[in-house]
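Engineer: Next up is a structure, given as structure tokens.
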Amino acid sequence: MVLSVSKLIQALEPSATMAMAAKAKELKASGRTVYDLSLGEPDFPTPEHICQAAIDAMKAGHTHYTVASGIPELKRAVVEQYKARYGLSYPPQHVVISNGAKHAIHNALVAVLNPGDEVIIPAPYWVSYSELVKLTGAVPVIVHTDESNGFKLTPEAFRAAITPKTRMLLLCTPSNPTGTMYSRQ
């Protein structure tokens, strides 16, 4: 029997970020000086106290599956931090812990989108956004912005992109990759 990947997976574009990282690694291995700005990883090792805390947690038996939305102690800590920092009160059941931004965005998109829905994404955008949308069977609608207005999606461009199939606006602020920040206004 021949196994094939789904049509959704076949429609995905390869990650430009991963391709750039692979090329940077190849050039470094050949002796070239490379300033690799592709992956969002720190250029220093994990601090020793964090490594030790992980070892201590494993030795204490914290090596089993956790509740899918996050361990209760961590969710409570997030609730307390939001209350202290922002004055916002949320119950722990409204907090979900993920293993990273891509995982969290994927989960949100899968929870809300149906095949054929449209998601408006201001460009420039993080390369994974459109591919994560495609994984749901929804359609990314890319709306180009420009430097003259700080790469911000204008109300006019936003309204023009809306169709009866529009289900979501994927707005990142501060923006990855431009750093653009939207004000409340």
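What follows draws every value from the coordinates through simple rules; no lab data is involved. Not measured: the values here are computed from a predicted model. So basically every Cβ, Gly included, is an ideal-geometry build from the backbone, and we count neighbours across all protein chains shown.
Engineer: Just the residues that are over 11 Å from residue 11 (Cα atoms) and among the small types (Gly, Ala, Ser), please, taken from segment 131-148.
Structural biologist: Across segment 131-148, the qualifying residues are 138, 148.
Engineer: Do any residues in segment 5-25 that are more than 17 Å from residue 35 (Cα to Cα) have Cβ atoms under 7 Å from those of residues that are of a type in the set (Lys, Arg), where the two are at least six apart or on different chains, and which pairs are they?
Structural biologist: Taking only residues 6 or more apart or on different chains, the pairs are 8/134; 11/134; 12/134.
Engineer: Check segment 57-67 and report whether any residue there is hydroxyl-bearing (Ser, Thr, Tyr), over 22 Å from residue 176 (Cα atoms), surrounded by 10 or more Cβ atoms within 10 Å (Cβ to Cβ) and without any contact (Cβ under 8 Å) to a residue 24 or more places away in the chain.
Structural biologist: Yes, there is a match, as at least one residue in segment 57-67 is hydroxyl-bearing (Ser, Thr, Tyr), over 22 Å from residue 176 (Cα atoms), surrounded by 10 or more Cβ atoms within 10 Å (Cβ to Cβ) and without any contact (Cβ under 8 Å) to a residue 24 or more places away in the chain.
Engineer: Which of the residues that make up segment 68-84 are surrounded by 11 or more Cβ atoms within 10 Å (Cβ to Cβ) and among the hydrophobic types (A, V, I, L, M, F, W, C)?
Structural biologist: Matches in segment 68-84: 71, 74, 77, 78, 79.
Engineer: Further question: Looking only at segment 159-185, filter to residues that are among the small types (Gly, Ala, Ser) and part of a loop (DSSP other than H, G, I, E, B); which one of those is farthest from residue 39 (Cα to Cα)?
Structural biologist: 183
Engineer: Might you check whether a residue that is in contact with a Ser or Thr (Cβ under 9 Å, 6 or more places away or on another chain) and more than 18 Å from residue 168 (Cα to Cα) occurs anywhere in segment 99-106?
Structural biologist: No, there is no match, as no residue in segment 99-106 is in contact with a Ser or Thr (Cβ under 9 Å, 6 or more places away or on another chain) and more than 18 Å from residue 168 (Cα to Cα).
Engineer: The conditions are (1) surrounded by 15 or more Cβ atoms within 10 Å (Cβ to Cβ); (2) part of a loop (DSSP other than H, G, I, E, B), and residue 131 fails exactly one of them. Which is it?
Structural biologist: (2)
Engineer: I'm trying to understand the selection: among the residues of segment 136-166, which are polar (S, T, N, Q) and surrounded by fewer than 17 Cβ atoms within 10 Å (Cβ to Cβ)?
Structural biologist: 148, 149, 154, 163, 166
Engineer: Only residues that are in contact with a strand residue (DSSP E or B) (Cβ under 9 Å, 6 or more places away or on another chain) and in a helix (DSSP H, G or I): list them for segment 134-158, please.
Structural biologist: 134, 157, 158
Engineer: In segment 14-39, what residues are within 20 Å of residue 132 (Cα to Cα) and loosely packed, with under 10 Cβ neighbours inside 10 Å?
Structural biologist: Matches in segment 14-39: 14 only.
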